[in-house]
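Participant: Take this structure first; my questions come after.
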Amino acid sequence: MSFNILGTGSSTPKRVVTNNELSAFLDTSDEWIFTRTGIKERRVLTDESLIMLSKEACAKALADAGVMGSEIDMIICSTVRGDFISPAMACLIAKEVNPNCRYFYDVNMGCCGFISALDMADAFFKANKVKKALIVCAESITRLCDWQDRSTCVLFGDAVAAVVLGEGNSMRSIKMSVYPSYENLYITASTGNNPFVEEKFSNDYIAMNGQEVYKFAVSSILKDIHEVLESLGFASNDISFYLMHQANMRIVEAVKSRLGLASEKFPCNIEKYGNTSSASIPLLLDELNKANTITKGDKLLFGAFGAGLSTGVCVLEWCK
Ligand code: UT7
């Protein structure tokens, strides 16, 4: 027995930052950002904390699922960096949702964090260790951007999105892959002021070779999608909706055209939120759920790629 998704919820910072606002202090333009990425605006954490947004996203997901916080056995939080380096966000979320929760973990898998968390949850459900789980993708990537680097800061936004899982058989397949290399996408960890370290690092900004990551993303995610579909005996058209990581509209277009599918199968919201790392797929899922765009029986494919370099694909049937 694996899991079903019982409910979804999300919360985004109130501050909207448009492309035009960025061009006021960076050598960039709405035209460049929109045509190269599909992004028009993003949400940026200002006076809110990630835990405040997480509390709201979890409450909405629990209400949508009709589940009480006290029923949650496991919390997995996907985050590149929470409000604190320690304690883990999962512990802070447990305080809000269910302090008696049995298992609580943070995963730091960048943009693949949602699929990674689903993969972990699958193992716990199969081992009969949990009956209800909460996955929270809480990302504050704008805190890790160098706001003087136009090649990265224009791409990212902040968001929290949560899903409630319960026992069920709607999950069909999950595949995570790693192609270990950090050079094209990384954030250095500060060495602090340790007097015994001669070469100190204090920069903890995102560094990315966009073109290399772009090539990796398109080729690797397509390979994984083909493998997962083949293992299930599905044709690409059997999938009702492909929910791709919202990093760049052109990556979504490339995947869509290589699979020879219609745009309707590739819902997107990158225009409003930019790249919100692991929150991007569950944020999109929440929008589609709340708009009743997805209906019971639909087959969904989640596809993510990012730091690691890693990819993740999950196919499941929507059963709400
Ligand atoms: O979520 C993690 C995974 N991340 C991704 O999947 C990101 C994958 N990569 C991408 O989405 C794209 O590579 C980017 C959107 C990051 C960049 O688009 P690109 O078409 O690959 O542009 P580029 O890096 O080749 O840059 C083209 C030009 C350069 O100028 P020159 O050298 O041609 O004169 C850049 O300096 O655009 C310049 N440029 C900008 N110009 C205006 C780079 N950033 C900007 C900017 N505004 N914000």
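The values are calculated or read from the model by the stated rules, or taken from the named source; none is laboratory data. Keep in mind the model is a prediction, meaning the values are calculated, not measured. Glycine gets a Cβ as well: all are built from the backbone with ideal geometry, and neighbour counts include every protein chain shown. Ligands, DNA and RNA are stripped out before the accessible areas are found, and what is left, the full protein with its side chains, is counted by its heavy atoms. Shrake-Rupley method; radii C 1.70, N 1.55, O 1.52, S 1.80 Å.
Participant: Regarding residue 4, is this residue out of contact with any helix residue (DSSP H, G or I) (no Cβ under 7 Å at 6 or more places or on another chain) and at pLDDT 95 or above?
Facilitator: yes
Participant: For residue 270, indicate whether it is at pLDDT 95 or above and within 15 Å of the ligand (Cβ to nearest atom). Explain how you work it out, then say what you get.
Facilitator: Numbers: at pLDDT 95 or above: yes; within 15 Å of the ligand (Cβ to nearest atom): yes.
In short, yes.
Participant: Is there a residue being among the aliphatic types (A, V, I, L, M), under 18 Å from the mean Cα position of the chain (by Cα) and surrounded by fewer than 23 Cβ atoms within 10 Å (Cβ to Cβ) anywhere in the stretch 281-302? Before the answer, list the steps.
Facilitator: Filtering the stretch 281-302 for residues among the aliphatic types (A, V, I, L, M) gives 281, 283-285, 288, 291, 294, 300-301.
From the residues that got through so far, the ones that are under 18 Å from the mean Cα position of the chain (by Cα) too are 281, 283-285, 288, 300-301.
Then keep just the ones that are surrounded by fewer than 23 Cβ atoms within 10 Å (Cβ to Cβ); that gives 288, 300.
Looking for residues that are among the aliphatic types (A, V, I, L, M), under 18 Å from the mean Cα position of the chain (by Cα) and surrounded by fewer than 23 Cβ atoms within 10 Å (Cβ to Cβ), one finds at least one in the stretch 281-302, hence yes.
Participant: State which residue pairs qualify: first residue closer than 17 Å to residue 219 by Cα and inside the stretch 179-197, second residue among the charged types (D, E, K, R) and outside any loop (DSSP other than H, G, I, E, B) in any location, beta carbons under 9 Å apart, and separation of 6 or more residues or different chains.
Facilitator: The qualifying pairs are 184/212; 185/212.
Participant: State yes or no: is residue 90 open to solvent by 10 Å² or more (accessible area, probe 1.4 Å) and either away from the ligand (no atom under 16 Å from the Cβ) or in a loop (DSSP other than H, G, I, E, B) (or both)?
Facilitator: Numbers: open to solvent by 10 Å² or more (accessible area, probe 1.4 Å): no; either away from the ligand (no atom under 16 Å from the Cβ) or in a loop (DSSP other than H, G, I, E, B) (or both): yes.
No.
Participant: Let me confirm something: among 196, 216, which residue is surrounded by 14 or more Cβ atoms within 10 Å (Cβ to Cβ), of a type outside the set (D, E, K, R), over 30 Å from residue 126 (Cβ atoms) and out of contact with any Asp or Glu (no Cβ under 9 Å at 6 or more places or on another chain)? Spell out how you get there, then give the answer.
Facilitator: Numbers: 196 fails: surrounded by 14 or more Cβ atoms within 10 Å (Cβ to Cβ).
So the residue among 196, 216 that is surrounded by 14 or more Cβ atoms within 10 Å (Cβ to Cβ), of a type outside the set (D, E, K, R), over 30 Å from residue 126 (Cβ atoms) and out of contact with any Asp or Glu (no Cβ under 9 Å at 6 or more places or on another chain) is 216.
Participant: Checking residue 3 against (1) part of a loop (DSSP other than H, G, I, E, B); (2) touching a Phe, Trp or Tyr at 6+ places or on another chain (Cβ under 9 Å), only one condition comes out false. Which one?
Facilitator: Against the list (1) part of a loop (DSSP other than H, G, I, E, B); (2) touching a Phe, Trp or Tyr at 6+ places or on another chain (Cβ under 9 Å), residue 3 comes up short only on (1).
Yes/no per residue for (1) open to solvent by less than 40 Å² (accessible area, probe 1.4 Å); (2) within 14 Å of the ligand (Cβ to nearest atom); (3) over 28 Å from residue 249 (Cα atoms):
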| site | (1), (2), (3) |
| --- | --- |
| 26 | yes, yes, no |
| 33 | yes, yes, no |
| 36 | no, yes, no |
| 46 | no, no, no |
| 50 | yes, no, no |
| 54 | yes, no, no |
| 64 | no, no, yes |
| 70 | no, no, yes |
| 74 | yes, no, yes |
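Participant: Quick test for you: out of 299, 265, 320, 272, pick the one residue that is more than 22 Å from residue 40 (Cβ to Cβ), out of contact with any Ser or Thr (no Cβ under 8 Å at 6 or more places or on another chain), touching a residue at least 12 places away in the same chain (Cβ under 8 Å) and not hydrophobic (A, V, I, L, M, F, W, C).
Facilitator: Numbers: 299 fails: out of contact with any Ser or Thr (no Cβ under 8 Å at 6 or more places or on another chain); 265 fails: out of contact with any Ser or Thr (no Cβ under 8 Å at 6 or more places or on another chain); 272 fails: more than 22 Å from residue 40 (Cβ to Cβ).
When all the criteria are applied, what remains is 320.
Participant: Continuing with the same structure: Going through 101, 91, 137 one at a time, which residue ends up being closer than 23 Å to residue 304 by Cα and modelled with pLDDT of 95 or more?
Facilitator: Working: 101 fails: closer than 23 Å to residue 304 by Cα; 91 fails: closer than 23 Å to residue 304 by Cα.
The match here is 137.
Participant: For a quick check of your reading: which strands (runs of 3 or more DSSP E) sit entirely within the stretch 102-186 and have at least 3 residues that are open to solvent by less than 10 Å² (accessible area, probe 1.4 Å)? Break it down stepwise before answering.
Facilitator: Values: elements: 103-107, 132-139, 159-168, 171-178.
Qualifying strands (runs of 3 or more DSSP E): 132-139, 159-168.
Participant: Something else about it: Do you know which residues across the stretch 223-261 are under 14 Å from residue 179 (Cβ atoms) and either surrounded by 15 or more Cβ atoms within 10 Å (Cβ to Cβ) or touching a Pro at 6+ places or on another chain (Cβ under 9 Å) (or both)?
Facilitator: 224
Participant: Would you be able to tell me the number of residues in the stretch 13-24 that are of a type outside the set (S, T, N, Q) and open to solvent by 40 Å² or more (accessible area, probe 1.4 Å)?
Facilitator: Our first condition is that a residue be of a type outside the set (S, T, N, Q); within the stretch 13-24, this holds for 13-17, 21-22, 24.
Among the residues that remain, those that are also open to solvent by 40 Å² or more (accessible area, probe 1.4 Å) are: 14-16, 21, 24.
Residues in the stretch 13-24 being of a type outside the set (S, T, N, Q) and open to solvent by 40 Å² or more (accessible area, probe 1.4 Å): 5 in total.
Participant: Go through the residues of the stretch 152-171 one by one and say whether even a single one is within 16 Å of the ligand (Cβ to nearest atom) and farther than 27 Å from residue 54 by Cβ.
Facilitator: The initial filter retains those residues of the stretch 152-171 that are within 16 Å of the ligand (Cβ to nearest atom), namely 152-159, 161.
After this cut, where a residue has to be farther than 27 Å from residue 54 by Cβ as well, the list is none.
No - not one qualifying residue is present in the stretch 152-171.
Participant: Here's another thing I want to ask about it. Can you tell me which residues in the stretch 219-252 are touching a residue at least 12 places away in the same chain (Cβ under 8 Å) and of a type in the set (Asp, Glu)?
Facilitator: Once the filter is applied, which keeps residues that are touching a residue at least 12 places away in the same chain (Cβ under 8 Å) and of a type in the set (Asp, Glu), the stretch 219-252 yields 224, 227, 238.
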